[in-house]
Amino acid sequence: MSYDNNNIFAKILREEIPCKKIYEDKYVLSFYDINPQKKIHALVIPKGKYIDLDDFISNASTDEITGLLTGIKIVAKKLNISTENGKGYRALTNVGENGGQEVPHLHFHLFGGEKIGKMVE
Ligand code: AMP
């Protein structure tokens, strides 16, 4: 499967559609999920064109991998849900059909602000 340039997150990255931005740097963009599942529900996406975690691990540079993980940490802290300044959070990424991935651009969900509960329904 090749990367779909018309997926919704690609459009957000190109600023063709708006988002409620939380954070941005050279490697990542973070914004609020449009349909929050928990009190705090943020998304963190790499700026590079990666379909999912498998694609990212296979093809991203070391700087991009470090950038994405660092971005998650920065966003968690910014939202006061990190263990440094809050009560923790869940980072989750869905991969492919069985993983339940809907948008084919790698994204990490960050859930926080309350107990997240059962890991898998
Ligand atoms: P997934 O099922 O892991 O692919 O998650 C896709 C997520 O993207 C869902 O939680 C959606 O609510 C969210 N989403 C879809 N469109 C937008 C949008 N325009 N802005 C913010 N979040 C979105």
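The values are calculated or read from the model by the stated rules, or taken from the named source; none is laboratory data. The model shown is predicted, which means the values in this text are computed figures rather than measured ones. No Cβ is skipped: glycine too gets one built from the backbone with ideal geometry, and neighbour counts run over all protein chains shown. Side chains included, ligands, DNA and RNA excluded: accessible areas come from the protein's heavy atoms. Shrake-Rupley method; radii C 1.70, N 1.55, O 1.52, S 1.80 Å.
Observations
- Output for the range 104-121, where each listed residue is within 12 Å of the ligand (Cβ to nearest atom) and either touching a strand residue (DSSP E or B) at 6+ places or on another chain (Cβ under 9 Å) or farther than 29 Å from Asn6 by Cβ (or both): His105, Leu106, His107, Phe108, His109, Leu110, Phe111
- Of the residues making up the range 14-68, those that are part of a strand (DSSP E or B) and among the β-branched types (Val, Ile, Thr) are Ile22, Val28, Ile40, Val44, Ile45.
- Hits in the range 20-43 - residues which are of a type outside the set (Lys, Arg), within 17 Å of Gly112 (Cβ to Cβ), more than 9 Å from the ligand (Cβ to nearest atom) and open to solvent by 40 Å² or more (accessible area, probe 1.4 Å): Tyr23
- Unique residue being within 11 Å of the ligand (Cβ to nearest atom) and touching a Lys or Arg at 6+ places or on another chain (Cβ under 8 Å) when the list is Ile17, Ile81, Ile8: Ile17
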